1. If I go through segment 99-115 residue by residue, how many of them are touching a residue at least 60 places away in the same chain (Cβ under 8 Å), surrounded by fewer than 24 Cβ atoms within 10 Å (Cβ to Cβ) and not aliphatic (A, V, I, L, M)?
2. For segment 232-249, how many residues are open to solvent by 60 Å² or more (accessible area, probe 1.4 Å) and hydroxyl-bearing (S, T, Y)?
3. Being part of a helix (DSSP H, G or I), more than 21 Å from the chain's Cα centre (by Cα) and modelled with pLDDT under 95: is that true of A176 here?
4. Within the set of pairs 6 or more residues apart or between chains, which connect a residue that is farther than 18 Å from F290 by Cβ inside segment 245-272 to a residue that is open to solvent by less than 20 Å² (accessible area, probe 1.4 Å) and not in a loop (DSSP other than H, G, I, E, B) with Cβ atoms less than 6 Å apart?
5. What do you reckon, is K114 under 23 Å from G221 (Cβ atoms) and out of contact with any helix residue (DSSP H, G or I) (no Cβ under 8 Å at 6 or more places or on another chain)?
6. Tell me which residues, restricted to segment 44-70, are part of a strand (DSSP E or B) and under 12 Å from the mean Cα position of the chain (by Cα).
7. Of all residues in segment 269-283, which are more than 16 Å from G126 (Cα to Cα) and part of a helix (DSSP H, G or I)?
8. Residue pairs, Cβ under 7 Å, 6 or more apart or interchain, first in segment 207-236 and more than 20 Å from V55 (Cβ to Cβ), second β-branched (V, I, T) and part of a helix (DSSP H, G or I). List them.
Amino acid sequence: MIPPSVFGSVSTAKMDRMRLLLSMVLAIPLSAASVDGAKVHWTSKGSSKQTVILVHGWTCDETSWDSQVPALSQKYRVITLDLPGHGKSDPPKDGKFSMAVFARAVEAVREEAKVDKVVLVGHSMGTPVIREYARMYPQHVAGLVPVDGIVQIGAPGPPPQGKAVQGKGRGAPNPAAMTGPDGMKAREAMIRGMFTPATPAAIQQHVLKMMLAPPEATAVGAMTATFETVSLNDFVTTVPALGIYAGTPLANAESVKRAFPNSEYVQVAGTGHFVMMERPEEFNRLLIGFLGKVKY
């Protein structure tokens, strides 16, 4: 309660307005996460000391996890963020995207959130992001959950004969195709290829709107950065891990096991790339079960 003496001799109505204004000011964060001066947007739900950070994929944003946050935050503190150049976050000041920049953004959020060890969940491009984070900041990693993410990075280009390479994903797109007058059409075609006939129309619409929103510089820069991180192919971490993969997975069980020796692998049959949206209850059950085994 703010005593009337703070405001002096003013009317009750004015005091109420001043109290409201002061409370709004006090609610504004005093600082924000940033990377080299570029703002990183993040959101936190739940009050547990056990923290999960959910990392979205290429040209996505934190709304990728709308079906996870309510369930997870009942027991855990759940942090979502927009990677640099995505959603509400600023692009890198120098325009250069990399897995290291993305990992540093996650670290800036972790530090701002004032937590020590976290479990990192990374969908699609978020998988190399959380692996890079584990390489750069192993002391803060309690567990890792790749979600239909690539673990063996290949050179950009079409997959052989239009087919996926087992253990190496569905093939690496060509970032150059996403530039110029036809760039948006190429992006849309790629995104639609992430769906199955069973993917609900509402999910398709949400994903298309979300993934076509970032500018060309983000689409090209983030895609290029993903397939430049070939050094991650040899990175192995023994922290507990759970791979949750789609019906046509971006990585098989063997490749996940090589990257994460202390891991389990689950494939959710019949799902497209956005497995956490298409089967949220099953996904949440798998993730919560894994989190219950992790020692922070």
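The values are calculated or read from the model by the stated rules, or taken from the named source; none is laboratory data. All values derive from a computational prediction rather than experimental measurement. Don't worry about glycine lacking a Cβ; one is built from the backbone with ideal geometry, like all the others, and counts go over all protein chains shown. We work out accessible area using only protein heavy atoms, side chains counted, and drop any ligands, DNA or RNA first. Shrake-Rupley method; radii C 1.70, N 1.55, O 1.52, S 1.80 Å.
1. 3
2. First pass over segment 232-249, keeping only residues open to solvent by 60 Å² or more (accessible area, probe 1.4 Å): 234, 236, 238, 248.
Right, trim to hydroxyl-bearing (S, T, Y) and you get 238, 248.
Qualifying residue count for the region: 2.
3. Working: part of a helix (DSSP H, G or I): yes; more than 21 Å from the chain's Cα centre (by Cα): yes; modelled with pLDDT under 95: yes.
Taking the combined requirement at face value, the residue satisfies it.
4. Cβ pairs passing all conditions: L250/G169.
5. Numbers: under 23 Å from G221 (Cβ atoms): no; out of contact with any helix residue (DSSP H, G or I) (no Cβ under 8 Å at 6 or more places or on another chain): yes.
So K114 fails the test.
6. Looking only at segment 44-70, we keep the residues that are part of a strand (DSSP E or B), and these are 44-45, 51-55.
Hits for segment 44-70 are V52, I53, L54, V55.
7. Start the filter on segment 269-283 by keeping residues that are more than 16 Å from G126 (Cα to Cα), which leaves 269-272, 278-283.
The answer is E278, P280, E281, E282, F283.
8. L208/I191
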